[in-house]
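K.L.:
Got a structure for you, questions after.
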Amino acid sequence: MGNAANDSTVTSAAILDRRALLKGAAAGAAATAVGAASKRSAFAAPAFLQGASFVLACTSDDAPKIQPLLDDYQKANNVTIQVEQAPYNDIQAKIITNLTQGTGAYDVISMDDPWIPQFAGGDFIMNIGELMDKRGITADPDFVPELLALGDFPPGSGLRGLPWVGNVQVFAWRTDVLKDLGLEAPPKSWDDVLAYAQKITEEKGASGVYGIGLRGVAGNPAATSFLPVLRGYGTDLFDENWEPQLETDAAMQAITTQLALAKVAPPGVESVGHPENGRNMSQGLIAQSADIWPDQLLQIYDPELSKVVGMVDIGAEPAQDGVKPANMTGNWLLGIAEGSANADPALDFILWFTAAEQQKRLLLDQNIPATRISVLEDADAVAKFPFLPGLLAAGRNAVPRPRTEHYNAVEAIYGRYVAEAIAGQISGEEAMTQANKEIRDLMVREGVLD
Amino acid sequence: MASEAAVAERHATPAQIVPWWERNLAWLLVAPMIVMFVVFALLPSLTAILFAFSHIKLTRGGMQRTFIGVDNFQRALEDPIVRQSAGITLKWALVVTTVEILLGLGLALLLAHGVRGRGVFTSLLIIPIIMPPVAVSLMWFFMYEPNFGVINYLLNQVGLPSVLWLSDPNIALYAMMAVDVWQATPFAFLLLYAAILSLPRDPYEAAAIDGASRWHIFRTVTLPLLLPVLGVVVLLRLIDAARVFDKIFVMTRGGPGSSAYTTTLTVYVEAFNKYDFGYASAISFMFQVVLVIFGTIYVRRVMADYSAPAES
């Protein structure tokens with residue numbers, strides 16, 4: 001008994017110790033929670049004093065550029081804007097994941113125009129045209145009509161976004177280099193571009209000036225560099241019935257030209273992406289590129305960043321005889337996530353942010369191209385960026401990428417095969433044939449084609 | 001007497017005295033881990049398996065899932081990029097593991113034999129392990145940069161031409177392997193170094209008395225004694241190397257072309273560039289099965305030889 005009593009006492013003491021420990025831990029946790037709560041309540045403003053709050057998702061490239069405007073808007077309107085940012089591919093994946101799962105994590109979304117068919121087609125984003133109708137307002141006619149129309153998908157169904165970055169792909173060339181070699185500017189056809197590129201690289205490559213700049217990284221970069229060539233040969237990724245067109249003669253000629261151009265581009269074209277191509281142009285390494293975007297132009301014309309200020313001109317993308325030249329859009333639009341609990345303050349913000357005053361500020365202070373005619377024609381802006389009239393003309397003549405909700409997958413497919421061909425892994429013909437088959441398989445799987 | 005009565009009462013009806021949470025304390029303590037395992041491992045795995053047999057269409061507020069049987073698996077087996085990426089993954093895992101083990105073992109032997117300043121050297125070797133892979137990849141990306149990277153600068157200084165480290169399809173994969181070797185060799189080194197330091201001294205003394213050469217001692221004493229640890233290091237490194245993603249993603253995104261597409265990168269492209277979650281899940285599931293089969297065979301066949309004998 002004595003032993004039992006002793007055992008029991010020991011056990012009881014151990015139990016008490018453990019209990020005390022657990023209770024102490026629980027009390028500590030509770031105290032921490034209460035402390036945190038009381039701390040929060042001590043510092044938080046009463047609800048009636050707090051303004052609206054919403055979350056804006058954008059790329060990490062854009063976030064620092066728009067922050068000054070966000071700061072001003074927050075101060076002036078007692079609004080809190082939380083910015084969620086990530087690099088291009090990551091923010092796209094995050095936005096899609098959040099929108100499809102209905103997490104309500106984002107209210108305002110900055111969208112690349114190729115995303116619109118997927119986002120609008122899947123009802124991921126609100127019809128802000130309807131929201132504007134309820135307020136009795138319409139989209140300002142000052143927006144470049146072709147850029148505004150990118151937000152209307154399916155066409156005629158209403159605006160899903162308002163454009164805030166007027167991105168248009170343009171053909172850019174070095175006027176001094178072409179003049180020096182006796183080449184007529186600008187080259188009209190892709191045959192001209194290739195001939196010029198070969199001549200420039202041959203004569204000036206040794207001194208560090210190459211005939212052409214293009215992007216060779218698999219996916220979006222290689223695809224975006226190739227699409228203007230493909231279109232310049234009179235075809236496109238799809239015909240009007242969504243039948244892929246990469247096995248056509250025109251596509252084969254286009255890839256042949258693209259591979260010939262890659263050979264006279266600066267070494268390492270396989271790993272050139274958007275920043276590198278822009279830098280190659282602004283640093284005087286390349287004399288032509290069909291894949292220059294306004295953000296790069298703004299650098300090319302910036303004396304602090306560029307070695308070729310005043311030596312670069314821009315125009316429409318080249319096209320073979322009989323093919324109408326056109327540029328390609330790559331605009332960014334602001335939309336509102338479907339199901340957002342902050343649609344009204346979000347719309348207020350979008351209307352303010354895309355107004356001419358803010359667009360001009362973004363252009364002059366942050367080198368972000370405008371989407372409004374008045375800003376692109378503004379005397380101060382044109383004085384600083386003489387290419388703006390050309391950019392406006394390109395925007396009026398711009399064509400978007402194929403408007404299918406499957407464009408991300410299509411681009412990933414042909415962007416990889418073009419990159420493989422540039423890297424010498426496969427021939428151009430194989431690249432087009434296999435890309436065509438994979439894209440067709442995709443469209444069949446998705447029920448677009450039989 | 002009162003105390004004895006209390007003890008007797010406790011023994012008679014313990015359930016009435018010991019509270020429920022204490023009776024189930026063991027379960028309560030492991031419950032958070034079980035919940036985390038179910039939520040973050042089991043459910044996602046089961047969902048991925050379900051996706052692998054489905055066609056997924058993203059819709060607002062969820063996704064539309066259509067059962068398509070083994071179509072995704074059949075497609076994966078016929079897909080050239082899946083086969084190519086599996087080959088690249090295998091090559092990556094074998095090459096980097098072999099180099100890392102050899103270098104790690106060499107360094108461990110060197111330092112274990114009383115090199116001066118080994119404390120400092122060991123501390124320096126830990127730095128690559130604690131650096132985030134993305135930071136390491138960015139650092140090497142800039143070092144490999146063809147125009148202003150330090151590596152080409154040094155090559156030029158000694159009269160050698162610049163190399164397109166990340167743009168040449170014949171070089172890029174190996175250049176990225178070198179980064180993995182730089183970061184993971186210290187892991188192999190640390191484990192093997194600790195193992196060497198803990199080896200018994202008697203066999204070495206006996207070998208020395210017999211006049212055995214250093215190579216002979218290494219081959220007949222050190223290596224056999226190290227094999228159990230070596231086996232574990234090889235397994236850990238092989239599995240980790242086969243899952244490589246971050247370094248390749250940051251430095252070339254699988255390029256030039258698709259010359260550095262590993263299986264994980266292919267899964268990423270299918271899932272987050274093409275948004276084909278069903279197909280990505282099927283490739284991922286197949287990859288997981290291969291790794292599990294490999295790991296099981298390795299542990300049963302290779303590691304079993306070095307495990308402690310079972311008690312009779």
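The values are calculated or read from the model by the stated rules, or taken from the named source; none is laboratory data. Nothing here was measured: the structure is a model prediction, and the numbers come from that model. Note: ideal-geometry Cβ built from the backbone for every residue, glycine included; neighbour counts use all protein chains shown.
K.L.:
What residue, of A:THR103, A:THR97, is within 11 Å of chain B (Cβ to nearest Cβ), surrounded by fewer than 19 Cβ atoms within 10 Å (Cβ to Cβ) and in a loop (DSSP other than H, G, I, E, B)? Spell out how you get there, then give the answer.
P.N.:
Working: A:THR97 fails: in a loop (DSSP other than H, G, I, E, B).
Only one candidate qualifies: A:THR103.
K.L.:
For A:ARG174, indicate whether it is in contact (Cβ under 8 Å) with a residue 12 or more places away in the chain, among the charged types (D, E, K, R) and within 22 Å of A:PRO228 (Cβ to Cβ). Give the steps one after another, and end with the answer.
P.N.:
Working: in contact (Cβ under 8 Å) with a residue 12 or more places away in the chain: yes; among the charged types (D, E, K, R): yes; within 22 Å of A:PRO228 (Cβ to Cβ): yes.
In short, yes.
K.L.:
Out of (1) without any contact (Cβ under 8 Å) to a residue 40 or more places away in the chain; (2) under 20 Å from the mean Cα position of the chain (by Cα), what's the single condition that is false for A:VAL144?
P.N.:
(1)
K.L.:
Something else now. Taking the condition without any contact (Cβ under 8 Å) to a residue 40 or more places away in the chain, within 20 Å of A:ALA394 (Cβ to Cβ) and in a helix (DSSP H, G or I), does A:ALA149 pass? Explain how you work it out, then say what you get.
P.N.:
Values: without any contact (Cβ under 8 Å) to a residue 40 or more places away in the chain: yes; within 20 Å of A:ALA394 (Cβ to Cβ): yes; in a helix (DSSP H, G or I): yes.
It is true that A:ALA149 is without any contact (Cβ under 8 Å) to a residue 40 or more places away in the chain, within 20 Å of A:ALA394 (Cβ to Cβ) and in a helix (DSSP H, G or I).
K.L.:
Considering only the range B:139-258, give the helices (runs of 4 or more DSSP H) lying wholly within it that have at least 3 residues that are over 30 Å from B:TYR298 (Cα atoms).
P.N.:
Numbers: elements: B:150-157, B:172-197, B:202-209, B:214-217, B:223-242, B:246-251.
It comes to B:150-157, B:202-209.
K.L.:
Let me ask another. Among the residues of the range A:220-234, are any more than 14 Å from chain B (Cβ to nearest Cβ) and surrounded by fewer than 20 Cβ atoms within 10 Å (Cβ to Cβ)?
P.N.:
Yes: one or more hits.
K.L.:
Let me ask another. Output the residue which, of all residues in the range B:66-90 that are touching a His at 6+ places or on another chain (Cβ under 9 Å) and within 12 Å of another protein chain (Cβ to nearest Cβ), is surrounded by the fewest Cβ atoms within 10 Å (Cβ to Cβ).
P.N.:
Filtering the range B:66-90 down to residues touching a His at 6+ places or on another chain (Cβ under 9 Å) leaves B:66-68, B:71-72.
Keeping just the survivors that are within 12 Å of another protein chain (Cβ to nearest Cβ) gives B:66, B:68, B:71-72.
Values: B:THR66: 10, B:ILE68: 17, B:ASP71: 16, B:ASN72: 25.
By that ranking, first place goes to B:THR66.
K.L.:
Among the residues of the range A:175-216, which ones are closer than 21 Å to A:VAL418 by Cβ, out of contact with any strand residue (DSSP E or B) (no Cβ under 8 Å at 6 or more places or on another chain) and part of a helix (DSSP H, G or I)? Lay out the reasoning, then the answer.
P.N.:
Filtering the range A:175-216 down to residues closer than 21 Å to A:VAL418 by Cβ leaves A:189-191, A:193-194, A:197-198, A:201, A:210-216.
Still in the running and out of contact with any strand residue (DSSP E or B) (no Cβ under 8 Å at 6 or more places or on another chain): A:189-191, A:194, A:198, A:216.
Scanning the range A:175-216 gives A:TRP190, A:ASP191, A:LEU194, A:GLN198.
K.L.:
Counting only residues that are part of a helix (DSSP H, G or I) and either more than 8 Å from every other protein chain (Cβ to nearest Cβ) or surrounded by fewer than 22 Cβ atoms within 10 Å (Cβ to Cβ) (or both), how many does the range A:412-435 have?
P.N.:
Within the range A:412-435, the subset part of a helix (DSSP H, G or I) is A:412-422, A:428-435.
Cutting the leftovers down to either more than 8 Å from every other protein chain (Cβ to nearest Cβ) or surrounded by fewer than 22 Cβ atoms within 10 Å (Cβ to Cβ) (or both) gives us A:414-415, A:417-418, A:428-435.
Residues flagged as part of a helix (DSSP H, G or I) and either more than 8 Å from every other protein chain (Cβ to nearest Cβ) or surrounded by fewer than 22 Cβ atoms within 10 Å (Cβ to Cβ) (or both) within the range A:412-435 amount to 12.
K.L.:
Right, here's the next one. Can you tell me which residue within the range B:248-274, out of those that are surrounded by fewer than 24 Cβ atoms within 10 Å (Cβ to Cβ) and more than 12 Å from chain A (Cβ to nearest Cβ), is nearest to A:ARG416 (Cα to Cα)?
P.N.:
B:VAL267
K.L.:
Answer yes or no: is there a residue in the range A:319-331 that is assigned by TED's automatic domain parsing to the domain that holds A:SER189, surrounded by fewer than 24 Cβ atoms within 10 Å (Cβ to Cβ), under 22 Å from A:GLY216 (Cα atoms) and modelled with pLDDT of 95 or more.
P.N.:
Yes, the conditions are met somewhere in the range A:319-331.
K.L.:
Return yes when A:ALA260 is closer than 26 Å to A:PRO402 by Cβ, surrounded by fewer than 24 Cβ atoms within 10 Å (Cβ to Cβ) and modelled with pLDDT of 95 or more and no when it is not.
P.N.:
Values: closer than 26 Å to A:PRO402 by Cβ: yes; surrounded by fewer than 24 Cβ atoms within 10 Å (Cβ to Cβ): yes; modelled with pLDDT of 95 or more: yes.
The answer is yes for A:ALA260.
K.L.:
Looking at A:GLY156, A:GLY129, which is the one that is assigned to a loop (DSSP other than H, G, I, E, B) and either more than 27 Å from A:PRO325 (Cβ to Cβ) or not assigned by TED's automatic domain parsing to the domain that holds A:ALA251 (or both)?
P.N.:
On the way: A:GLY129 fails: assigned to a loop (DSSP other than H, G, I, E, B).
Testing whether each residue is assigned to a loop (DSSP other than H, G, I, E, B) and either more than 27 Å from A:PRO325 (Cβ to Cβ) or not assigned by TED's automatic domain parsing to the domain that holds A:ALA251 (or both) leaves just A:GLY156.
K.L.:
Here is a follow-up. Which members of the range A:333-383 meet the condition of being of a type outside the set (Ser, Thr, Tyr) and within 14 Å of chain B (Cβ to nearest Cβ)? First the steps, then the outcome.
P.N.:
From the range A:333-383, those of a type outside the set (Ser, Thr, Tyr) are A:333-339, A:341-353, A:355-370, A:372-373, A:375-383; that's our starting set.
Within the range A:333-383, A:GLY335, A:ILE336, A:ALA337, A:GLU338, A:GLY339 meet the criteria.
K.L.:
Scan (1) at pLDDT below 95; (2) within 14 Å of chain A (Cβ to nearest Cβ) for the single condition B:LEU235 breaks and write down its number.
P.N.:
Condition not satisfied by B:LEU235: (2).
K.L.:
Going residue by residue through the range A:176-183, is there one that turns out to be buried (at least 24 other Cβ atoms within 10 Å of the Cβ) and not β-branched (Val, Ile, Thr)?
P.N.:
no
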